[in-house]
Amino acid sequence: MTTLVIGGAGYIGSHVVRLLSDRGERVIVVDDLSTGLRARVEGSDLVELVELDVTRPDAAEKLAFQLRASGADAVIHFAAHKQVGQSVAKPELYWHDNIGGLANVLAACANAEVRDVVFSSSAAVYGVPDVDLVTEDLTPAPINPYGATKYVGEWMLADAERAHGMRTVALRYFNVAGAGHPELADTAVMNLVPIVLDALDRGEQPRVFGDDYDTPDGTCIRDYVHAEDLAEAHVAALDYLRGEDRPHRVFNVGTGTGSSVLEVLDAIARATGTEITPEIAPRRPGDPARLVCSTDRIEETLGWRATHDLDEIVTSAVQARRLA
Ligand code: WQD
């Protein structure tokens, strides 16, 4: 079996590429290396890198050629912009690249008669849900262009299913952190764990955006999932698509357990052996007080559940940074 992984040199994509090649499958990585790193996908005879920007006008044709030439039977599509603030400032970049890129990917799959597609969606589709545990049945209500492009992407998958008989899965990621292998670590400093580690390395104290939320310690609660667990969810989704019955096409990927910002800081303090005295900053606009997922559907349908807790997530991120 051969899988084409678009954005496979990225942080999460490369974890999936590693799992697939470790189980003996051939992988064609398509990546423009704008944020992806060649080093993440080197070293296996089963993995080939094709440099290609899937947002270019000729990308659908080039991708269809790659699909046919490789005999790939499935596609996993990661390549996208993922910064909420940037999406608010430059929505056209997100429309063009996130939506346009997916349009090219789906057109190529239709052309090359590849039916199975796994798509990176996001908890950002839910916006600011006022529930304890977010289930997939909750109607999405994104509050920024990033989340909107992910929700539109899910509609596009449904349209492609109807038009071309495709079989698709959208995985709605919650807060991803940690590294399964140090060389696959998140090198961007955009989310809480890398931001805090970066501040500590510079001898600065991290900032907590608001401590007056209606939560037990006043700080925001999120569902942190290990990149290695998330990668396993993609492999489970692929196996599901390759099987017979397929009642669902959207799954939350998280642990079902919430951790507050202060709990994350405590875990980082333990893992680094550093004392952390955070600066309390104002609330960040658009932050829900709590965003934790129900994992019932993915556990029951894909047989997947996270096996790493917050301490393991943070420890793996700290170790990867030390070795970098
Ligand atoms: C986590 C918590 C912050 C930095 C984002 C996207 C979401 C998804 C995951 C991709 C929040 C707090 C942060 C800091 C802090 N992305 N924080 N000090 O916003 O939950 O989710 O990434 O699909 O769509 O919105 O993640 O890591 O930015 O923040 O107090 O310096 O940490 O307020 O409560 P977020 P995050």
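The values are calculated or read from the model by the stated rules, or taken from the named source; none is laboratory data. This structure is a prediction, so every number in the text was calculated from the model and none was measured. In this analysis, Cβ positions are derived from the backbone assuming ideal geometry, glycine residues included, and neighbour counts consider all displayed protein chains. Side chains included, ligands, DNA and RNA excluded: accessible areas come from the protein's heavy atoms. Shrake-Rupley method; radii C 1.70, N 1.55, O 1.52, S 1.80 Å.
Structural remarks
- Taking only the Cα atoms of segment 97-253, the radius of gyration and Dmax are 17.9, 55 Å.
- Which of Ala123, Pro91, Ala160, positive extreme of dipole for segment 69-192 (C-beta unit charges): Pro91
- Summing Cβ point charges (Lys, Arg +1; Asp, Glu -1) relative to the Cα centre of segment 242-295 gives a dipole of roughly 280 debye.
- Test item: Cα-centred dipole of segment 98-190, Lys/Arg +1 and Asp/Glu -1 on Cβ, debye: 220 debye
- Summed side-chain charge close to Pro194 - residues other than Pro194 whose Cβ falls under 12 Å, Lys, Arg +1, Asp, Glu -1: -2
- Taking every C-alpha pair closer than 8 Å and separated by at least 6 residues, the mean separation divided by the residue count of the chain gives a relative contact order of 18 percent.
- 12 Å beta-carbon shell around Ala324, net charge (K/R +1, D/E -1): -2
- Rounded to the nearest whole Hz, the Karplus-based 3J(HN,Hα) values (6.51 cos²θ - 1.76 cosθ + 1.60, θ = phi - 60°) of segment 89-105 follow the sequence 6, 10, x, 4, 4, 6, 4, 5, 7, 6, 7, x, x, 5, 4, 5, 4, with x at glycine and proline.
- Neighbours of Ser44 by Cβ distance under 9 Å: Lys/Arg scored +1, Asp/Glu scored -1, total -2.
- Net lengthening on full extension, Asp245/Gln319 (0.36 nm per residue, minus Cα-Cα): 22.6 nm
- When +1 charges are put on Lys and Arg Cβ atoms and -1 charges on Asp and Glu Cβ atoms, the dipole computed for the chain relative to its Cα centre reaches about 660 debye.
- Among Pro145, Thr295, Val318 - extreme Cα towards positive end, dipole of the chain, charges at beta-carbon: Pro145
- Stretched out straight at 0.36 nm per residue, the stretch from Thr307 to Gln86 would grow longer than its current Cα-Cα span by 76.3 nm.
- Note on segment 222-266: dipole from Cβ charges, positive end direction compared against Val261, Ala231, Pro247; the farthest Cα belongs to Pro247.
- Of all accessible heavy-atom area on the chain, the percent that carbon and sulfur account for (1.4 Å): 49 percent
- When the surface is traced with a 1.4 Å probe over the full set of protein chains, Tyr126 keeps roughly 10 Å² accessible.
- Cα gyration tensor shape for the chain, rounded if a/c is under 1.5, else prolate or oblate: prolate
- The phi-based Karplus calculation (6.51 cos²θ - 1.76 cosθ + 1.60; θ = phi - 60°) puts the 3J(HN,Hα) values of segment 293-298 at 9, 7, 9, 4, 5, 5 Hz, whole numbers, x for Gly and Pro.
- Residues Leu262, Leu184, sorted by accessible area with the largest first, give Leu262, Leu184 [1.4 Å probe; ligands and nucleic acids excluded].
- Where the chain is the region considered: accessible area per residue in Å², 1.4 Å probe: 44 Å²
- Calculated from the alpha-carbon coordinates, segment 179-218 shows an Rg and a Dmax of 13.3, 38 Å respectively.
- With contacts taken as Cα pairs under 8 Å at a separation of at least 6 residues, segment 86-228 carries a relative contact order of 23 percent.
- Sequence-distant residues sharing a close amide H with Ser121 (under 5 Å, placed H): Leu171, Arg172, Tyr173
- Segment 84-158: C-alpha gyration tensor shape, a/c 1.5 cut-off, then a/b vs b/c: oblate
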